[in-house]
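The values are calculated or read from the model by the stated rules, or taken from the named source; none is laboratory data. What you see is a predicted model; the values in this text were computed from it and never measured. All Cβ positions, glycine included, derive from the backbone under ideal geometry; neighbour counts span all protein chains shown.
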Amino acid sequence: MMLLGHNLTIGYPDRVVGSQLDISLKTGEVLALLGPNGGGKTTLLKTLLGLLSPLGGQVRLGDRPLAAYTARERAQHIAYVPQAHAAVFAFSVETVVLMGRTAHGSLFGRPSAADRAIAARMLERLGIAHLADRPYTKISGGERQLTILARALAQEPRFVVLDEPTASLDFGNQGRVMREIRELGAAGHGVLFTTHDPNHALRAADRVFLLRGGTCLADGEVHSVLDRAQLEALYGTKIARIHDRDSGESAFLPG
């Protein structure tokens, strides 16, 4: 199955953010979307999710236009992890994760034993099972981000879309989320995530899509596209690349 945006013009009724964008994501693939602030990353994500209507072009999910799916049908196929989630109601962490199961049942029905088992498995998977009974309003921003990721996985979607999933996480939990993204791709999910750190793309992605000023600068296999020249053009600053002789791995640093 494929999530596809063809010849997209994205933005708002009073403002075009990007145009002539072609982007695709298939199941079993991890795609990293990189670009500077204000470049259109979040607007593109929301268009691919159906939260914003394209100003031009079309988004397709499988063999149908995304607009032909109901909101529940979209939720059964695509899960969204936003960049930030404000804590308003003091639901327990387990209850927040169980909300992901409403894509497969009644919004007002009681969770089944199977729903609770799936929620428990996702909490354990992300290392936050000990928070299950804690109020969502009383945990840290990083713990809330992991909770929202657990809620998305509880939807059992084919595609997972994450907007800067490591932005509020400490160094250790950043690694946990990057490992989870790789594992989701290996398990057959299509994963699209935005990041400001090209090293996250090097570690977790199969492909990268570079977006600046609403224009695609490059789209392709991660190790072919990510080089110093491309990143300098993307971010408008000097970039240094360092290599580890023992592992053969490399990383990018702002110059």
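Condition check: at pLDDT below 95, under 24 Å from the mean Cα position of the chain (by Cα) and over 22 Å from D22 (Cα atoms). Does R241 satisfy that?
Spelling it out, it is not the case that R241 is at pLDDT below 95, under 24 Å from the mean Cα position of the chain (by Cα) and over 22 Å from D22 (Cα atoms).
Being touching a Pro at 6+ places or on another chain (Cβ under 9 Å), small (G, A, S) and surrounded by 12 or more Cβ atoms within 10 Å (Cβ to Cβ) narrows it down to one residue among A103, A129; which is it?
Matching residue, one of A103, A129: A103.
When you scan the range 163-196, how many residues do you find that are outside any helix (DSSP H, G or I), of a type in the set (F, W, Y) and more than 15 Å from the chain's Cα centre (by Cα)?
Counting residues in the range 163-196 that are outside any helix (DSSP H, G or I), of a type in the set (F, W, Y) and more than 15 Å from the chain's Cα centre (by Cα) gives 0.
If you take the residues of the range 197-207 that are closer than 16 Å to P36 by Cβ and within 13 Å of the chain's Cα centre (by Cα), which of them is surrounded by the most Cβ atoms within 10 Å (Cβ to Cβ)?
Only one residue tops the list, namely A201.
Return yes or no: is G142 part of a helix (DSSP H, G or I), over 14 Å from the mean Cα position of the chain (by Cα), at pLDDT below 90 and under 26 Å from A187 (Cα atoms)?
Considered against the rule, which asks whether it is part of a helix (DSSP H, G or I), over 14 Å from the mean Cα position of the chain (by Cα), at pLDDT below 90 and under 26 Å from A187 (Cα atoms), G142 comes out as yes.
So which residues in the range 208-242 are more than 20 Å from S24 (Cα to Cα), buried (at least 17 other Cβ atoms within 10 Å of the Cβ) and either touching a Ser or Thr at 6+ places or on another chain (Cβ under 7 Å) or among the β-branched types (V, I, T) (or both), if there are any at all?
I239 - this is the single residue of the range 208-242 that is more than 20 Å from S24 (Cα to Cα), buried (at least 17 other Cβ atoms within 10 Å of the Cβ) and either touching a Ser or Thr at 6+ places or on another chain (Cβ under 7 Å) or among the β-branched types (V, I, T) (or both).
Do the conditions hold for L21, that is, is it surrounded by 15 or more Cβ atoms within 10 Å (Cβ to Cβ), at pLDDT 95 or above and more than 13 Å from L192 (Cβ to Cβ)?
For L21, the condition - surrounded by 15 or more Cβ atoms within 10 Å (Cβ to Cβ), at pLDDT 95 or above and more than 13 Å from L192 (Cβ to Cβ) - is met.
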